[in-house]
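**Q** The following block contains the structure, expressed as structure tokens.
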């Protein structure tokens, strides 16, 4: 069982014009977990992009997971961000993954059909 290290203070931001979005970053063992909450629209995606890039490219974390359990909506552009993050991780021989993503991905794919 993984021990949960102390939580990094939540980096909350209202990155949307009319809906609330926030995220927190914590370490679980050697893995950095970025938990998302609320309405993950295209503005939120744009705001989270430099955060993930910093965690993967600049800080060199070897394992990053995005937890989507708290997300009520995800814009289809989130798929592109997660694809990019996976590529950044691959470049550094690191791992990148999504947790609690099945229902959210299904909803997003339905919206884009």
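No value in this document is a laboratory result; all are computed from the given coordinates. Model, not experiment: these values are computed from the prediction.
**Q** Multiply the residue separation of residue 46 and residue 93 by 0.36 nm, subtract the distance between their alpha-carbon atoms, and state the gained length in nm to one decimal.
**A** Result for the pair: 14.5 nm of gain on full extension.
**Q** While we're on this one: So if each residue of separation counts as 0.36 nm, and I subtract the Cα-Cα distance between residue 62 and residue 31, what length gain in nm does that give?
**A** 10.4 nm
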